């Protein structure tokens, strides 16, 4: 995974170690645990999640009409996102991206056009309502890892990107599928103040329609997730798989 940019959905738009599981496996009891500043008294509490960029841009890489494009943003924020009971995330949360533009190629190059989403100013894109939960992914060599599964709250795209008249390739670009996020440092089950996350295995994304070309869609980059609403210094938190 190249960490020069972070996908438009966070997201690498969002959170924490999570995982999807093979259909033949049994789902473990997954949860979020939060410790106090001394690393004591772990509890399963509702807690707001805030995000920080990892000194990278956030990029959705896709191909439209044979042209490789990168929808790249300079910043993001979670909207209405909390850790919830039972290893879930708040149903209906969103991710908002700012400083966004559409570029040709897999890296920042020629600016193709300005982009936005419905109701947002130019350069700002907000996802549709999302939901999420922890899941287990069975590894090829044995063992499991914990990922965060992010999908639309209702049937439809994760996000819809609108382009100005200079784009020519499209006016509206819906992004469909499901995103699995992993802890980049393998610390999903380790209590930490911040978790560094990126796109994980089992992610399946496409734009416009589910064709071979559009299956080249991916999120590039990483971001930091931490808890808000607590005293200065933050709280330690992690995913738990039992």
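For the stretch 27-91, what is the convex hull (Cα atoms) projected area averaged across all directions, in square nanometres? Write down the numbers at each step before the final one.
Numbers: hull surface 30.8 nm².
In nm², the orientation-averaged hull projection of the stretch 27-91 is 7.7.
Using a Förster radius of 22 Å, what is the FRET efficiency between residue 122 and residue 67 based on their Cβ-Cβ separation? Nearest 0.05, please.
Working: r = 21 Å, r/R0 = 0.97.
Efficiency for this residue pair is about 0.55.
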Per-bin percent of Cα-Cα distances, the stretch 111-187 [5 Å]
3, 14, 17, 17, 14, 12, 10, 7, 5, 1, 0
Taking only C-alpha positions in the stretch 134-175, Rg and Dmax in angstrom work out to 17.4, 50
A correct Stokes-Einstein calculation for the stretch 86-139, using the alpha-carbon Kirkwood radius, 37 °C and 0.692 mPa s, returns a whole-number D in µm² s⁻¹ of 240
Mind jotting down a quarter of the surface of the convex hull over the alpha carbons of the stretch 31-240, in square nanometres, one decimal?
12.3
A correct fewest-to-most ranking of 172, 127 by other Cβ atoms within 10 Å would be 172, 127
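At 0.36 nm per residue, and after removing the present C-alpha to C-alpha distance, how many nm does the segment from residue 209 to residue 41 gain when stretched out fully? Mind showing how you got there, number by number?
Working: separation 168, 0.36 × 168 = 60.48 nm, distance 4.81 nm.
That pair, residue 209 and residue 41, stretches by 55.7 nm at full extension.
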Volume per residue that the Cα convex hull of the stretch 142-242 spans, once the total is divided by residue count, Å³
171
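Quick note: the coordinates plus some simple rules give every number you see, no bench work behind them. The shown structure was predicted, so the numbers you read here are calculated from the model rather than taken from an experiment. Here Cβ is always computed from backbone atoms with ideal geometry, including for glycine, and neighbour counts include all displayed protein chains.
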